[in-house]
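*Asks:* Quick one: the structure is below, questions incoming.
The values are calculated or read from the model by the stated rules, or taken from the named source; none is laboratory data. Keep in mind that what you see is a predicted model, and the values were worked out from it rather than measured. Cβ placement follows ideal geometry from the backbone for every residue including glycine, while neighbour counts extend to all protein chains displayed.
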Amino acid sequence: MARYKWIDTSPRFLAMDLAKQLLPGSFEHAVHHLFEHEIDHGGFAARYRNDQNGAPAYPPGMLLQVILCAYARGVVSSRGIERLCREHVTFIALCGDTAPHFTTLAAFVSGLGEETARLFAQVLYLCDRQGLIGREMFAIDGVKLPANASKAKSGTRADSQRQARTAVCRWLELPGAMLCLAALSTARSGRYLCSMN
């Protein structure tokens with residue numbers, strides 16, 4: 001009978017470089033790169049008043065990275081995101097092994113307001129700059145919406161542009177607007193938001 005090496009999958013402590021866990025070409029690496037080098041998330045700093053007193057806060061950029069990457073994997077509950085930050089190596093790397101508590105994550109998401117619209121505008125600008133927006137179809141979360149193409153229903157180009165602006169403005173007011181940021185990570189071609197070397 002053949003003998004094989006023993007494969008031990010029991011828990012163990014391993015020394016690792018967390019930065020190397022964000023593999024180039026992955027969605028998590030693209031999000032991390034964008035938040036570290038491209039996207040200005042300084043508008044979130046006004047939320048914190050702990051210059052003199054209080055505990056240090058989690059960096060908003062890190063919280064946004066963790067939340068977006070979790071949403072992209074279909075994990076939308078704050079408890080599930082906290083679990084990822086404690087157990088999943090990629091999320092441990094994203095949060096720097098700090099594992100924010102689920103109440104911190106929930107409060108951060110529920111407190112997002114105008115900052116989300118500005119962040120979304122930056123992401124759209126970056127997508128457009130990278131050539132990821134085709135301008136032929138608008139889809140939310142990759143879902144094609146049914147349309148009536150009759151002359152009476154469609155109107156003029158100016159009408160459709162005004163309706164699109166109104167729809168986007170209404171959409172940005174929804175609490176789940178951040179879900180679209182995760183959907184914008186790839187375009188029709190499957191390319192990521194930024195090219196990684």
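*Asks:* Across segment 29-48, which residue is nearest to the chain's Cα centre (by Cα) among those that are surrounded by 10 or more Cβ atoms within 10 Å (Cβ to Cβ), assigned to a helix (DSSP H, G or I) and among the hydrophobic types (A, V, I, L, M, F, W, C)? If you could, list the steps in order and put the result at the bottom.
*Replies:* First pass over segment 29-48, keeping only residues surrounded by 10 or more Cβ atoms within 10 Å (Cβ to Cβ): 29-36, 38-45, 47-48.
So of that shortlist, the ones also assigned to a helix (DSSP H, G or I) come out as 29-36, 42-45, 47.
Now narrow it down to the ones that are among the hydrophobic types (A, V, I, L, M, F, W, C): 30-31, 34-35, 44-45.
Values: Ala30: 10, Val31: 7, Leu34: 10, Phe35: 10, Phe44: 16, Ala45: 19 Å.
For segment 29-48, the residue satisfying everything is Val31.
*Asks:* Looking at segment 1-22, which of its residues are touching a residue at least 40 places away in the same chain (Cβ under 8 Å) and assigned to a loop (DSSP other than H, G, I, E, B)?
*Replies:* Result: Met16, Leu22.
*Asks:* Keeping to segment 57-91, report how many residues are of a type in the set (Ser, Thr, Tyr) and modelled with pLDDT of 90 or more.
*Replies:* Taking segment 57-91 first, the residues of a type in the set (Ser, Thr, Tyr) are 58, 71, 77-78, 90.
Still in the running and modelled with pLDDT of 90 or more: 77-78, 90.
Number of matching residues: 3.
*Asks:* Here's something else I'd like to know. Do the conditions hold for Ser26, that is, is it surrounded by 14 or more Cβ atoms within 10 Å (Cβ to Cβ), more than 26 Å from Asp128 (Cα to Cα) and among the hydroxyl-bearing types (Ser, Thr, Tyr)? Quick ask: steps written out before the conclusion?
*Replies:* Working: surrounded by 14 or more Cβ atoms within 10 Å (Cβ to Cβ): yes; more than 26 Å from Asp128 (Cα to Cα): no; among the hydroxyl-bearing types (Ser, Thr, Tyr): yes.
Spelling it out, it is not the case that Ser26 is surrounded by 14 or more Cβ atoms within 10 Å (Cβ to Cβ), more than 26 Å from Asp128 (Cα to Cα) and among the hydroxyl-bearing types (Ser, Thr, Tyr).
*Asks:* OK, next. Please count how many residues of segment 76-92 are buried (at least 18 other Cβ atoms within 10 Å of the Cβ) and farther than 26 Å from Leu14 by Cα.
*Replies:* Here the count works out to 1.
*Asks:* Let me confirm something: among Phe27, Phe35, which residue is touching a strand residue (DSSP E or B) at 6+ places or on another chain (Cβ under 9 Å) and either within 25 Å of Gly80 (Cβ to Cβ) or of a type in the set (Gly, Ala, Ser) (or both)? First the steps, then the outcome.
*Replies:* Details: Phe35 fails: touching a strand residue (DSSP E or B) at 6+ places or on another chain (Cβ under 9 Å).
Exactly one of Phe27, Phe35 is touching a strand residue (DSSP E or B) at 6+ places or on another chain (Cβ under 9 Å) and either within 25 Å of Gly80 (Cβ to Cβ) or of a type in the set (Gly, Ala, Ser) (or both), namely Phe27.
*Asks:* Here's another thing I want to ask about it. Exactly one condition in (1) among the hydroxyl-bearing types (Ser, Thr, Tyr); (2) farther than 26 Å from Val89 by Cα; (3) surrounded by 14 or more Cβ atoms within 10 Å (Cβ to Cβ) is not met by Tyr4; state its number.
*Replies:* For Tyr4, the exception is condition (3).
*Asks:* Can you tell me which residue within segment 93-108, out of those that are in a helix (DSSP H, G or I) and surrounded by 19 or more Cβ atoms within 10 Å (Cβ to Cβ), is nearest to the chain's Cα centre (by Cα)? Break it down into steps so the answer makes sense when it comes.
*Replies:* Quick first cut of segment 93-108, residues in a helix (DSSP H, G or I) only: 93-94, 102-108.
Narrowing the set further to residues that are surrounded by 19 or more Cβ atoms within 10 Å (Cβ to Cβ) leaves 93-94, 105, 108.
Working: Ala93: 15, Leu94: 12, Leu105: 14, Phe108: 14 Å.
The extreme case among them is Leu94.
*Asks:* Quick test for you: out of Glu28, Glu38, pick the one residue that is in contact (Cβ under 8 Å) with a residue 40 or more places away in the chain, touching a Ser or Thr at 6+ places or on another chain (Cβ under 9 Å) and either charged (D, E, K, R) or closer than 15 Å to Pro59 by Cβ (or both).
*Replies:* Working: Glu38 fails: touching a Ser or Thr at 6+ places or on another chain (Cβ under 9 Å).
Glu28 is the lone residue from the list that is in contact (Cβ under 8 Å) with a residue 40 or more places away in the chain, touching a Ser or Thr at 6+ places or on another chain (Cβ under 9 Å) and either charged (D, E, K, R) or closer than 15 Å to Pro59 by Cβ (or both).
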